[in-house]
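Inspection log for the structure reproduced underneath, given as structure tokens.
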Amino acid sequence: MNKEDLIKRTKKFAIDVIKLVEIFPRTTAGFTIGKQLIRAATSVAANYRAALRAQSHAHFISKLAIVEEEADESLFWLELSADAELIKSDSSANLIKEANELTAIFTASHKTAKNKLYKK
């Protein structure tokens, strides 16, 4: 997968999460978890784009670490939303799968980038 594909994929993930949160119940839990989920999911897309514009390899690695962390946090909030029954689990199943995949992609990318830095 190339960087343009990942830019589109992370942006779609953020948009899909925003749409999902719109159907959360209008409760304290719905607002609180929804806000956290939107922040994490949009951060994946925003920080990936920032990583691609990094001024150095070390800066790129730092941004990738943030992307990895936010993808995993998104996964947590999606799982919590389903477990707390804020949404039907079938509504979140595809997003949970996508968050898992994005976390794996960015974990591997972060590891590869760090290995390249330390081999110089």
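The values are calculated or read from the model by the stated rules, or taken from the named source; none is laboratory data. In this text the structure is predicted, and so the values were computed from the model without any measurement. Ideal geometry is used to build each Cβ from the backbone, glycine not excepted, and the neighbour counts take in all protein chains shown.
Some values worked out for this structure:
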| read-out | value |
| --- | --- |
| Cβ pairs under 8 Å, 6+ apart, first in the range 57-74 and closer than 14 Å to Leu37 by Cβ, second not in a helix (DSSP H, G or I) | none |
| Residue that is surrounded by the fewest Cβ atoms within 10 Å (Cβ to Cβ) [pool: residues in the range 12-31 that are basic (Lys, Arg) and either assigned to a helix (DSSP H, G or I) or at positive phi (or both)] | Lys19 |
| Candidate set: the range 80-95, residues that are within 22 Å of Phe31 (Cβ to Cβ) and without any contact (Cβ under 8 Å) to a residue 40 or more places away in the chain; chosen: the one surrounded by the most Cβ atoms within 10 Å (Cβ to Cβ) | Ala82 |
| Boolean, Ala58 is over 19 Å from the mean Cα position of the chain (by Cα) and in a helix (DSSP H, G or I) | yes |
| Condition broken by Ala84, with the remaining ones in (1) within 19 Å of the chain's Cα centre (by Cα); (2) closer than 20 Å to Arg39 by Cβ satisfied | (1) |
| Which numbered condition Trp77 misses (of (1) in contact (Cβ under 8 Å) with a residue 24 or more places away in the chain; (2) closer than 22 Å to Met1 by Cα; (3) of a type outside the set (A, V, I, L, M)) | (2) |
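So that you can scan it fast, the table gives a plain yes or no per residue for (1) surrounded by 13 or more Cβ atoms within 10 Å (Cβ to Cβ); (2) of a type in the set (Phe, Trp, Tyr); (3) modelled with pLDDT of 95 or more; (4) outside any helix (DSSP H, G or I):
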residue: Ile33; (1), (2), (3), (4): yes, no, yes, no
residue: Ala46; (1), (2), (3), (4): yes, no, yes, no
residue: Ala50; (1), (2), (3), (4): yes, no, yes, no
residue: Lys63; (1), (2), (3), (4): yes, no, yes, no
residue: Leu75; (1), (2), (3), (4): yes, no, yes, no
residue: Leu78; (1), (2), (3), (4): yes, no, yes, no
residue: Lys97; (1), (2), (3), (4): no, no, yes, no
residue: Phe106; (1), (2), (3), (4): yes, yes, yes, no
